[in-house]
Amino acid sequence: METKRTNNDSVVNQLNNVLADLQVVYQNMRTMHWLVKGPEFYQLHKMYEGFYTELADVVDDVAERILTLGGVPYHQFSEYLDQTSVEPVADVPRGKENLKITVENFEHLLGEYREVQETASNNGDEGTVALFSELIASTEKKLWMLNATLS
């Protein structure tokens, strides 16, 4: 049976861009976990730990998907920084401002997830479509919770 997929290169390239952004978002969550201060410290400290713990698994899933498709995942910090379109967090603001950064990071990832899913679908890559369907649903839920917190 012939598959619809003819070229994995476009999906692999997009996956590598997502991988770079995931690594920067992961580090952003670590930075905010380490440096958050203020009256919401305990709640935010735990939240950021949960986010970076989950993102570590997502990074691994995306890298393994790249390998499954015959590509080579970015694996050096210089590659992540060269390819990312996410701003690394240098200073952690207090209060709701750090949550706004988190929302921006997850909104960015959500947009990328949707683009990868569309490209993968057009290439008949059901494995990538399934992976990114889960990531989209999970990220939408995070954004709903974060935005509810900000309201």
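Considering 79, 40, which residue is farther than 19 Å from residue 19 by Cα and touching a residue at least 40 places away in the same chain (Cβ under 8 Å)?
Numbers: 79 fails: farther than 19 Å from residue 19 by Cα.
One residue alone meets the criteria, 40.
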| note | Filter segment 103-151 for residues that are assigned to a helix (DSSP H, G or I) and hydroxyl-bearing (Ser, Thr, Tyr); the one that is farthest from residue 16 (Cα to Cα) is 149
| Failed condition for residue 21, given (1) touching a helix residue (DSSP H, G or I) at 6+ places or on another chain (Cβ under 8 Å); (2) open to solvent by 20 Å² or more (accessible area, probe 1.4 Å); (3) of a type in the set (Asp, Glu), with all others met? | (2)
| query | How about segment 94-133: which of its residues are open to solvent by 40 Å² or more (accessible area, probe 1.4 Å), more than 21 Å from residue 37 (Cα to Cα) and under 12 Å from the mean Cα position of the chain (by Cα)? | reply | 107, 108, 114
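From the set of residues in segment 36-82 that are β-branched (Val, Ile, Thr) and assigned to a loop (DSSP other than H, G, I, E, B), which is nearest to residue 141 (Cα to Cα)? Let's see the steps before the verdict.
Applying the first criterion (β-branched (Val, Ile, Thr)) to segment 36-82 yields 36, 53, 58-59, 62, 66, 68, 72.
Filter again for assigned to a loop (DSSP other than H, G, I, E, B), leaving 36, 72.
Details: 36: 23, 72: 30 Å.
Applying the filter and picking the extreme gives 36.
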| said: Among the residues in segment 137-150, are any modelled with pLDDT under 95, open to solvent by less than 80 Å² (accessible area, probe 1.4 Å) and over 16 Å from the mean Cα position of the chain (by Cα)? | reply: yes
| note | Sole miss for residue 66 among (1) out of contact with any helix residue (DSSP H, G or I) (no Cβ under 6 Å at 6 or more places or on another chain); (2) at pLDDT 95 or above is condition (1)
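The values are calculated or read from the model by the stated rules, or taken from the named source; none is laboratory data. Just so we're clear, the structure is a prediction, and the values are computed from it rather than from any experiment. Every residue, glycine as well, gets a Cβ built from its backbone with ideal geometry; the counts of neighbours run over all protein chains shown. Note: areas computed on protein heavy atoms with side chains; ligands, DNA, RNA excluded. Shrake-Rupley method; radii C 1.70, N 1.55, O 1.52, S 1.80 Å.
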